[in-house]
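I have placed the structure first, in the form of structure tokens, so that the comments after it can refer back to it.
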Amino acid sequence: MLIGVVGKANTGKSTFFKAATLMDIEIANYPFATIKPNQGIGFVSVPCVDKDFGVQCDPKIGYCREHQRFIAVDMIDVAGLVPGAHEGKGMGLEFLNDLNQADCLIHVIDASGSTNEGGEPGATGSYDPAKDIAFLEEELDHWYLNLLKKPWEKFARATAQTNEDAAKALHKQFSGLGSTEDMIKSLLKQTSLENKKLNEWSEKELFAFAKALRKHTKPMIIAANKLDLPNAQENLKKLKERFPEHTIVGCSAVAELALKEADKQQSVTYLPGDDHFDVKGELNEQQQKGLDYIKTNVLEEHGSTGVQDVINTATLDTLDNIAVWPVATNKLTDKDGNVLPDVFLLPAKSTAIEFAYKVHTDFGKNFIRAIHLQTKKTVGKDFALHHRDVIEIVADK
């Protein structure tokens, strides 16, 4: 799974990425501070099952604090996009293509309205952030249109000549975009193109299909950043009213980054996603002032910095994933005795056999049965898993 972080320059996009991953990257308030994409590891937060069983887990990857399990996910941060990116402006095509493998996009916007169309800083309230949502969607839609148009004429003609099923042909041709055949069938019906030959599609119809395909293969969540600045809260409310079909979550990336850095330095104790922090070490006047500002203007005002909420929402809700723990024994351990060391993210409604293959190919091939440890019931290969299940897989050796 790969989550792409996108947006204009100076919206706090790279700050958001650093707050999510704690990678050492360049952060600057001018366009194209990021040129090559940054790749790092962020974390989805879910209540750990160890507390339910009265044990303490021992994660191999990620970490667990206060019975909150942080599960690693890959993230990529591309350079700030500008209007006309799909035409190559501002190295736009290169940056868009960097997103090709992303399963989901987090679009970071400046909710305070202090960043203009070109990504240049200005006074708060001087720009309408709603324009950024429309701008990025337009760029992505035209990007997809260009991807489809490049081979379209030859591909559509060949499909018509062989009379191949349109959904099957489209999936085969554009599977690199993350489509499935069932998805294509649904999109053809949605755009009223299910009974029309591909070589008879108009430019308008092709664009409608490209938009629908983009929405399904690159689902997006809006991170309304800089929530601690003037006008941001009011703008967030307006954005949710104007774009009810979008998932929009307010956040303050700079506050999250400051708290994580302070926690790393052991100046405070802070758990990502919490509504508070505890001072642990000595603070100078500047640090105390900064933390007081975060406490008053972010945590007490909004309940959290919002950054963890964005990552959780993107991974668990937008991508509809669940977290499932595999164990080798009914004592919740692996073969080496580690307690609940692994946890996997997989699509909702995944079955026990699909999970077995996810854990290890041999488990899938030699699957006998599974045991649902919360209920201690034996389940078969078609058992549909749920969020926070703990599953013991029994397989032939």
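The values are calculated or read from the model by the stated rules, or taken from the named source; none is laboratory data. Being a predicted model, the structure only gives us computed values, none of them experimental. Virtual Cβ from ideal backbone geometry, glycine too; neighbours counted across all protein chains shown.
Here A123 passes the criteria (1) modelled with pLDDT under 80; (2) farther than 14 Å from G4 by Cα; (3) among the aliphatic types (A, V, I, L, M) except the one numbered (1). Report yes if N366 is in contact (Cβ under 8 Å) with a residue 12 or more places away in the chain, within 19 Å of C57 (Cβ to Cβ), not assigned by TED's automatic domain parsing to the domain that holds A20 and not hydrophobic (A, V, I, L, M, F, W, C), otherwise no. When the stated conditions are applied, N366 does not pass them. Could you tell me whether I294 is buried (at least 19 other Cβ atoms within 10 Å of the Cβ), within 24 Å of A9 (Cβ to Cβ) and not acidic (D, E)? Here the answer is no, as I294 does not meet what is asked. Within segment 234-284, restricting attention to residues that are within 30 Å of K131 (Cβ to Cβ) and of a type in the set (D, E), the residue that is surrounded by the most Cβ atoms within 10 Å (Cβ to Cβ) is E256. Among the residues of segment 188-203, what is the count of those that are part of a helix (DSSP H, G or I) and either outside the structural domain of E153 (by TED's automatic domain parsing) or surrounded by fewer than 18 Cβ atoms within 10 Å (Cβ to Cβ) (or both)? Residues meeting the conditions: 5. Checked against (1) in contact with a strand residue (DSSP E or B) (Cβ under 9 Å, 6 or more places away or on another chain); (2) assigned to a helix (DSSP H, G or I), T296 passes all but a single condition, namely (1).
Whenever a residue of segment 91-111 is within 19 Å of T217 (Cα to Cα) and surrounded by 18 or more Cβ atoms within 10 Å (Cβ to Cβ), its partners that are at pLDDT below 70 and not aromatic (F, W, Y), lying with C-beta atoms within less than 7 angstrom and at least six residues away or across chains, give the pairs F95/A79; F95/L81; F95/A85; L96/A85; L96/H86. All of H372, H386 fail the test of being touching a residue at least 60 places away in the same chain (Cβ under 8 Å) and surrounded by 13 or more Cβ atoms within 10 Å (Cβ to Cβ), apart from H386. Scanning segment 264-288 for residues being modelled with pLDDT under 95 and of a type in the set (D, E, K, R) gives a total of 4. I'm checking my understanding of the structure. Among residues of segment 60-92 that are closer than 23 Å to A314 by Cα and among the β-branched types (V, I, T), which one is modelled with the lowest pLDDT? For segment 60-92, the residue satisfying everything is V78.
Selection of segment 215-255 for residues being within 30 Å of N146 (Cβ to Cβ) and either of a type in the set (D, E) or out of contact with any strand residue (DSSP E or B) (no Cβ under 9 Å at 6 or more places or on another chain) (or both) yields K215, H216, T217, R242, P244, E245.
Across segment 234-260, the number of residues qualifying as touching a residue at least 40 places away in the same chain (Cβ under 8 Å) and within 16 Å of T305 (Cβ to Cβ) comes to 12. Criterion applied to L136, L148, L206 was being of a type in the set (A, V, I, L, M, F, W, C), touching a His at 6+ places or on another chain (Cβ under 6 Å) and in a helix (DSSP H, G or I), and the one residue passing it is L136.
Assess whether L105 counts as being of a type outside the set (K, R), at pLDDT below 95 and either within 25 Å of T318 (Cα to Cα) or part of a helix (DSSP H, G or I) (or both). Judged against the criteria, L105 is not a match.
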